[in-house]
Amino acid sequence: DGERIIFMYYKEIDSFPEDFLWGAASAAYQIEGAWNEDGKGPSIWDEFSKIEGKTFEGTNGEVAVDHYHRYKEDISYMKEMGLKAYRFSVAWSRVIPDGEGEINEKGLDFYENLVDELIKNGIEPVLTLYHWDMPQALQDKYGGWESREVIPAFEKYCEALFLRLRDKVKYWVTMNEQNVFTSLGYRWAAHPPAVTDLKRMYAANHVVNLANATAISLFHQLVPKGLIGPSYGYGPIYPLTADPSDVLAAENAEAFNNDWTLDVYCRGTYPKFVMKQLEHLGIAPQVTAEDSRLLTSATPDFLGINYYHGGTVQQNRIEKPENQSSTEKNFSKTDPYLMQPKEEQAMSPEVPMFNGIENPYLEKTKWGWEIDPVGFRVALRRIQSRYDLPVFVTENGLGAIDVLTEDKKIHDDYRIDYLNEHLVEMKKAIADGVEVIGYCAWSFTDLLSWLNGYKKRYGFVYVDRDEHDEKTLERIPKDSFYWYQQVIKENGENL
Ligand code: BGP
């Protein structure tokens, strides 16, 4: 009967692959601290976070959670948990302090030691090359990603890492959430370099695409046994209703938000529909024939996906003025997956295409991010059918306020519920035929949120510090730590 068929479908047909990479993730700026030690140069985040009013209560990564000095202790918790994979990022300005000149051996040593320690403890390293911390020197000299001059600099930095770590690291991520750092950096001025100019955003985005393809090409020459891909912040778009105009609006938003980046990564071409709109407005990037050759020649081996939430849209408010209503999404600029805040009207190519709106079916976190586990399955399915590449889930998690009890416990059942629901949907997506090679929850320890300090926590391991006080920096496993330990032990069998 029907119930039995449904039961079989989800519980009996598919288990997680034996070598499934159960992991957790972090990023250099958010955990390391030691911002100017052992020869490290300043990054754009070191500078930006010191500008008044830019980050929550003026937090910065000078100390962060001091992982630079405590990585062995952190890895001992990973081992206790049974973690199979750990995703971290390398700070470019630790390896090449001015971004393009001398290589700082001490910087490379730190990452090699970290990788050795992971391997010694049976944990697969997953290395992200760029998680937003451009060397400040390249920003000052060339204007960062707005200039093609940074491509050879990025290539040199990647080469240094490929050569040093190619026998030890199999999984590599090129860019973390290109869609997020370009839009928050060049459109909304919420991240460095704090620009609000669409033309410049699209130009910078194109340079990032070229740098990504350059790194992938070089990797395929130097590390033939490794696997490399970008990590994209993917949010599936829904139409608010079955009104064909809303459905079309959702297609438009999917093209602007997702195809715009993913088509370039996976096919080497920009979606024509979006390109035409940008050309009409005179804000399209300049794409040469040589650029196109490079982009089509370098395809990723897997697609990294960071999933937090998607978006819901309806027909645009020009054709349907009643859509300019109170239900319109109240966008927050600290939400990296925002699509179309209403205050920006002029020159915005999205305005005639769709109107972002709250989804009436979904609950939200304290920070207004929709909680949508089914959307995770939708995301994985769409990616599989459009690009047919193996997927590595490189981030997914819940930002929440955690309370340390007097007996030093953190009862984060809300996080367990969130992760559990997402893992169940991922398991269903695998049963649907999506090839998922691993899952890294965000994050392993608590860490510095770019714009939300230490109030918004994600970790399995609590870190005793806050915005105002570094305190003891003691590590304390949360309830979710033991829950995930069990999931890994059972290889997700009881999800
Ligand atoms: C992703 C970033 C991560 C992390 C996460 C949570 O966009 O790749 O680095 O910060 O979002 O974001 P937040 O700290 O803003 O809640």
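Can you tell me which residues in the range 168-191 are of a type outside the set (A, V, I, L, M), surrounded by 19 or more Cβ atoms within 10 Å (Cβ to Cβ) and more than 14 Å from the ligand (Cβ to nearest atom)?
Y171, W172, Y186, R187
Out of everything in the range 110-132 that is within 16 Å of the ligand (Cβ to nearest atom) and in a loop (DSSP other than H, G, I, E, B), what residue ends up being farthest from W172 (Cα to Cα)?
Per the stated criteria, the residue is W132.
Going through the range 454-478 one residue at a time, which ones are within 16 Å of the ligand (Cβ to nearest atom) and surrounded by fewer than 19 Cβ atoms within 10 Å (Cβ to Cβ)?
If the condition is that a residue be within 16 Å of the ligand (Cβ to nearest atom) and surrounded by fewer than 19 Cβ atoms within 10 Å (Cβ to Cβ), then K455, D466, E467 are the ones that fit.
Of all residues in the range 429-451, how many are closer than 19 Å to Y307 by Cβ and within 14 Å of the ligand (Cβ to nearest atom)?
Residues in the range 429-451 being closer than 19 Å to Y307 by Cβ and within 14 Å of the ligand (Cβ to nearest atom): 8 in total.
Residue by residue through the range 60-97, note down the ones that are closer than 17 Å to D464 by Cα and open to solvent by 10 Å² or more (accessible area, probe 1.4 Å).
Hits for the range 60-97 are N60, E62, V63, D66, Y68, H69, R70, Y71, E73, Y77.
Looking only at the range 1-57, which residues are at pLDDT below 95 and hydrophobic (A, V, I, L, M, F, W, C)?
Scanning the range 1-57 gives I5, I6, F7, M8, I13, F16, I51, F56.
Check off (1) within 19 Å of the chain's Cα centre (by Cα); (2) free of Cβ contacts under 8 Å to residues at least 12 places away in the same chain for V90 and give me the number that stays unchecked.
Just one mismatch for V90, condition (2).
Quick one: how many residues across the range 63-98 are part of a helix (DSSP H, G or I) and farther than 18 Å from R164 by Cα?
15
Does S217 qualify as being in a strand (DSSP E or B) and either of a type in the set (S, T, N, Q) or crowded, with 24+ Cβ neighbours inside 10 Å (or both)?
no
Can you give me the number of residues within the range 117-138 that are over 22 Å from the mean Cα position of the chain (by Cα) and under 17 Å from R94 (Cα atoms)?
Within the range 117-138, residues that are over 22 Å from the mean Cα position of the chain (by Cα) and under 17 Å from R94 (Cα atoms) number 2.
Take I437 and decide whether it is open to solvent by 10 Å² or more (accessible area, probe 1.4 Å), within 23 Å of D372 (Cα to Cα), in contact (Cβ under 8 Å) with a residue 12 or more places away in the chain and touching a helix residue (DSSP H, G or I) at 6+ places or on another chain (Cβ under 6 Å).
No.
Being touching a Pro at 6+ places or on another chain (Cβ under 9 Å), over 24 Å from E395 (Cα atoms) and open to solvent by less than 20 Å² (accessible area, probe 1.4 Å) is the filter here, so list the residues in the range 21-47 that pass it.
Hit for the range 21-47 is G41, nothing else.
Can Y142 be described as under 21 Å from the mean Cα position of the chain (by Cα) and within 23 Å of N205 (Cα to Cα)?
No.
Within the range 348-396, which residues are of a type in the set (V, I, T) and closer than 28 Å to F16 by Cα?
Within the range 348-396, I371, V374, V378, I383, V391, V393, T394 qualify.
Can you name the condition, by its number, that E254 falls short on among (1) charged (D, E, K, R); (2) surrounded by fewer than 18 Cβ atoms within 10 Å (Cβ to Cβ); (3) assigned to a helix (DSSP H, G or I)?
Result: E254 passes all but (2).
Tell me whether the range 159-166 contains one or more residues that are under 16 Å from the mean Cα position of the chain (by Cα) and buried (at least 21 other Cβ atoms within 10 Å of the Cβ).
Within the range 159-166, none of the residues are under 16 Å from the mean Cα position of the chain (by Cα) and buried (at least 21 other Cβ atoms within 10 Å of the Cβ).
Give me the pairs, please: first residue somewhere in the range 448-467 and farther than 11 Å from I401 by Cα, second residue anywhere and open to solvent by 20 Å² or more (accessible area, probe 1.4 Å) and near the ligand (Cβ under 9 Å from one of its atoms), beta-carbon distance under 6 Å, and either six or more positions apart or on two chains.
L451/T334
Looking only at residues that are open to solvent by less than 10 Å² (accessible area, probe 1.4 Å) and among the small types (G, A, S) in the range 192-214, which one is farthest from L227 (Cα to Cα)?
Per the criteria, the residue is A204.
Could you identify the single residue in L294, L262, L278 that is over 20 Å from R187 (Cα atoms), among the aliphatic types (A, V, I, L, M) and in a helix (DSSP H, G or I)?
L294
What number goes with the only condition from (1) within 17 Å of E395 (Cα to Cα); (2) touching a strand residue (DSSP E or B) at 6+ places or on another chain (Cβ under 7 Å) that Y414 does not pass?
Failing condition for Y414: (1).
Scan the range 63-74 and give yes if some residue there is in contact with a strand residue (DSSP E or B) (Cβ under 7 Å, 6 or more places away or on another chain), closer than 24 Å to G229 by Cα and at pLDDT 95 or above, otherwise no.
No - not one qualifying residue is present in the range 63-74.
I'm trying to understand the selection: among the residues of the range 258-308, which are away from the ligand (no atom under 16 Å from the Cβ) and in contact with a His (Cβ under 8 Å, 6 or more places away or on another chain)?
Answer for the range 258-308, where residues must be away from the ligand (no atom under 16 Å from the Cβ) and in contact with a His (Cβ under 8 Å, 6 or more places away or on another chain): P285, Q286, V287, D291, A298.
Out of everything in the range 236-250 that is open to solvent by less than 10 Å² (accessible area, probe 1.4 Å) and either touching a helix residue (DSSP H, G or I) at 6+ places or on another chain (Cβ under 8 Å) or not in a helix (DSSP H, G or I) (or both), what residue ends up being nearest to G356 (Cα to Cα)?
Taking the candidates together, the pick is I237.
The values are calculated or read from the model by the stated rules, or taken from the named source; none is laboratory data. Given the structure is predicted, the values throughout are model-derived calculations rather than measurements. Here the Cβ is made from the backbone with ideal geometry for all residues, glycine too, and neighbour counts use every protein chain on show. Note: accessible area is taken over every heavy atom of the protein model, side chains too, but ligands, DNA and RNA are not part of it. Shrake-Rupley method; radii C 1.70, N 1.55, O 1.52, S 1.80 Å.
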